[in-house]
Amino acid sequence: MIVRRFVVGRLQTNCYLLVCPETREALVIDPGFAEDEEARSIMGEVRRYDAAVKYVVNTHWHPDHTSGDEWLA
């Protein structure tokens, strides 16, 4: 499993990208980014591993953990 951590948003939330090296399916946890630059950084890593985001998971429903959900969808 490939695991990458990003610190995103004004509240500096931990966001994680997990990629299965076999299937190339990816999971993003807590995409609380507030800037397009942060989203591009995460998606750059998705492309780097030739992956596809299949799931978005939020540990809870505060905006600093969910604000990037729609962007990823």
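V28: in contact with a Leu (Cβ under 7 Å, 6 or more places away or on another chain) and either at positive phi or of a type in the set (V, I, T) (or both), yes or no?
On the way: in contact with a Leu (Cβ under 7 Å, 6 or more places away or on another chain): yes; either at positive phi or of a type in the set (V, I, T) (or both): yes.
So V28 fits the description; yes.
Of all residues in the stretch 13-26, how many are crowded, with 17+ Cβ neighbours inside 10 Å and either assigned to a loop (DSSP other than H, G, I, E, B) or aliphatic (A, V, I, L, M) (or both)? Spell out how you get there, then give the answer.
Filtering the stretch 13-26 down to residues crowded, with 17+ Cβ neighbours inside 10 Å leaves 13, 15, 17, 19, 26.
Going one step further and asking which of them are either assigned to a loop (DSSP other than H, G, I, E, B) or aliphatic (A, V, I, L, M) (or both), we end up with 17, 19, 26.
So the answer is 3.
So if I check each of R4, R10, R47, which one is of a type in the set (D, E, K, R) and in a strand (DSSP E or B)?
Values: R10 fails: in a strand (DSSP E or B); R47 fails: in a strand (DSSP E or B).
Every option except R4 fails the conditions.
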*Does the stretch 52-62 include one or more residues that are outside any loop (DSSP other than H, G, I, E, B), of a type in the set (S, T, Y) and surrounded by fewer than 15 Cβ atoms within 10 Å (Cβ to Cβ)?*
yes
*Determine the pairs where a residue that is hydroxyl-bearing (S, T, Y), located within the stretch 1-25, has a partner that is surrounded by fewer than 14 Cβ atoms within 10 Å (Cβ to Cβ) with Cβ atoms under 8 Å apart, the partner being 6 or more residues away or on another chain.*
T13/V7; Y16/V3; Y16/R5
*Working only within the stretch 1-53, note down all residues that are within 16 Å of A73 (Cα to Cα) and in contact with a Cys (Cβ under 9 Å, 6 or more places away or on another chain).*
A26, L27, V28, I29, D30, P31, G32, F33, E38, I42, A51
_Return the residues of the stretch 44-73 that are in contact with a strand residue (DSSP E or B) (Cβ under 8 Å, 6 or more places away or on another chain), closer than 13 Å to F6 by Cβ and modelled with pLDDT of 95 or more; say none if nothing qualifies._
E45, V46
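The values are calculated or read from the model by the stated rules, or taken from the named source; none is laboratory data. The shown structure was predicted, so the numbers you read here are calculated from the model rather than taken from an experiment. All Cβ positions, even for glycine, are placed from backbone atoms using ideal geometry, and neighbour counts span all protein chains on display.
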